[in-house]
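The values are calculated or read from the model by the stated rules, or taken from the named source; none is laboratory data. Predicted model only: the values in this text are computed from it and were never measured. Don't worry about glycine lacking a Cβ; one is built from the backbone with ideal geometry, like all the others, and counts go over all protein chains shown. Ligands, DNA and RNA are excluded from the accessible area calculation, which covers all protein heavy atoms including side chains. Shrake-Rupley method; radii C 1.70, N 1.55, O 1.52, S 1.80 Å.
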Amino acid sequence: EILGFHVKTEENTPDQVHRLDITWRVHRDLSPLKVWEVEKSGDIDSALTRLKHAFGIWHSELYLVVSDAKTRERAENTVRNAFVEIEKSLTILETDEIVNLYNSLRPHRDIISKLVRRYPIHS
């Protein structure tokens, strides 16, 4: 939201096959531009399957958030071996990276909101 996206959590795909953790849209009525899965349980295959399905429907950018470097390495290997079709659209991040990024952006929320605004406000 700080970056100007309409954010939905726990959203089903249109065919109701999967529930996605987070989607980001430019406008609430448009298809997701970015789809996120936050994998805490370690079930990387299921998270990647959901992301692959979302990519097939929307061609969104994909983000997988994992708990640590070991899980990240395992996810990268799984993508290279079994999910190559989404490899170029997928970014894998660790939880600490997301927390640090959020904490860096949060104090600048007001100016970021102005910078990402797509249309000028007319008085």
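Selection of the stretch 12-27 for residues being open to solvent by 30 Å² or more (accessible area, probe 1.4 Å) and not hydrophobic (A, V, I, L, M, F, W, C) yields N12, P14, D15, Q16, H18, R19, D21, H27. Selection of the stretch 33-53 for residues being over 19 Å from E97 (Cα atoms), in contact with a helix residue (DSSP H, G or I) (Cβ under 9 Å, 6 or more places away or on another chain) and part of a helix (DSSP H, G or I) yields D45, L48, L51, K52. Taking the conditions (1) out of contact with any strand residue (DSSP E or B) (no Cβ under 9 Å at 6 or more places or on another chain); (2) surrounded by fewer than 13 Cβ atoms within 10 Å (Cβ to Cβ); (3) in a helix (DSSP H, G or I) in turn, L101 satisfies each one other than (1). For the residues G4, G42, the requirement of being in contact with a Ser or Thr (Cβ under 8 Å, 6 or more places away or on another chain), over 26 Å from V116 (Cα atoms), at pLDDT below 95 and open to solvent by less than 40 Å² (accessible area, probe 1.4 Å) singles out G42. Cβ-Cβ contacts under 6 Å between residues 6 or more apart (or on different chains), taken from a first residue in the stretch 90-110 that is closer than 23 Å to L33 by Cα to a second residue that is in a helix (DSSP H, G or I) and open to solvent by less than 100 Å² (accessible area, probe 1.4 Å), are listed as I92/R72; I92/A75; E94/R72.
Condition check ((1) touching a His at 6+ places or on another chain (Cβ under 7 Å); (2) farther than 19 Å from K8 by Cα; (3) surrounded by 11 or more Cβ atoms within 10 Å (Cβ to Cβ); (4) without any contact (Cβ under 8 Å) to a residue 24 or more places away in the chain) across all residues:
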{"position": "H53", "(1), (2), (3), (4)": "yes, no, yes, no"}
{"position": "A75", "(1), (2), (3), (4)": "no, yes, yes, no"}
{"position": "R80", "(1), (2), (3), (4)": "no, yes, no, yes"}
{"position": "Y119", "(1), (2), (3), (4)": "no, yes, no, yes"}
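Of the listed requirements (1) loosely packed, with under 14 Cβ neighbours inside 10 Å; (2) of a type in the set (A, V, I, L, M, F, W, C); (3) within 15 Å of the chain's Cα centre (by Cα); (4) part of a loop (DSSP other than H, G, I, E, B), L30 misses just one: (3). For the stretch 55-88, the set of residues classified as under 11 Å from the mean Cα position of the chain (by Cα) and not in a strand (DSSP E or B) consists of S60 only. Counting the residues of the stretch 55-71 that are over 19 Å from L101 (Cβ atoms) and loosely packed, with under 15 Cβ neighbours inside 10 Å gives 3.
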